[in-house]
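First comes the structure, then the notes that go with it.
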Amino acid sequence: MIAARIVIAGALMVTGWAAMAKPAAAPTQPSPQDLVLARQAGMTMAASTLNLLRGASTNGTPLKNLAFPASGLAKWADAAPALFAESTRGVPSRALPAVWTNKADFAIKAKAFSDSTKALVAAARADDKAAFDAALASTAASCKGCHDSYQAPPAPPAKAG
């Protein structure tokens, strides 16, 4: 009899705990606005990093010291295309509709950017100034080539007064 009461009490406790337990929340996906914000922040950091690399190389910074920022730029180059998800098409940004209507060319330009940044990292690690300068020029050209095709120019500044 006592054993039965213990089993019943245990079963009631387990049932109570199960009833109070909450299922784990499903992981949420970033919103289209979050993706655009991440894309814009990444573009700003990429431009800053490219300028840092250019200036540091010009000023004689040892190339091996530039491998870390160059590798960050290469990671960005690999990640950036995913931030142009179809869901972001209608979110206000400077991305032109051609990003989504001409995906094949956009992918080619994104790969050129990725390849040039990988060459930049390799040249920095090898301490090869000529290869670094060539990869730096190639990286800047690939940025410009994509932006010329797929980014609207910035809005003109508002007039004062």
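Values quoted throughout were computed directly from the atomic coordinates according to the rules given, and no laboratory measurement underlies them. Please read these numbers as outputs of a predicted model, since none were measured by experiment. All Cβ positions, even for glycine, are placed from backbone atoms using ideal geometry, and neighbour counts span all protein chains on display.
Treating each Cα of the range 82-136 as one equal point scatterer and applying the Debye formula with no solvent, the log10 of I(q)/I(0) at q = 0.20, 0.21, 0.23, 0.29 Å⁻¹ comes out as -0.73, -0.75, -0.81, -1.06. Our Cα-only numbers for the range 35-114 put the radius of gyration and Dmax at 14.6, 44 Å.
If you take all C-alpha pairs in the chain, what percent of them are over 25 Å apart? Kindly include the intermediate steps, with their values, before the conclusion.
Details: 6421 of 12880 pairs.
Cα-Cα pairs of the chain separated by over 25 Å account for 50 percent.
Each Lys and Arg Cβ is given +1 and each Asp and Glu Cβ -1; about its Cα centre, the chain then shows a dipole of about 260 debye. Annotation: amide H-H contacts under 5 Å for residue 95 (H modelled 1.01 Å from N, sequence separation of 5 or more, or interchain): 152.
Report, ordered by chain and residue number, the aspartates and glutamates lying within cross-link reach of residue 64, taken as a straight Cα distance under 12 Å and ignoring same-chain residues fewer than 8 apart. Qualifying aspartates and glutamates at Cα under 12 Å: 127, 128.
What's the center-to-center distance, using Cα atoms, between the range 88-130 and the range 24-48 in Å? Rounded to whole Å, the Cα centres lie 17 Å apart.
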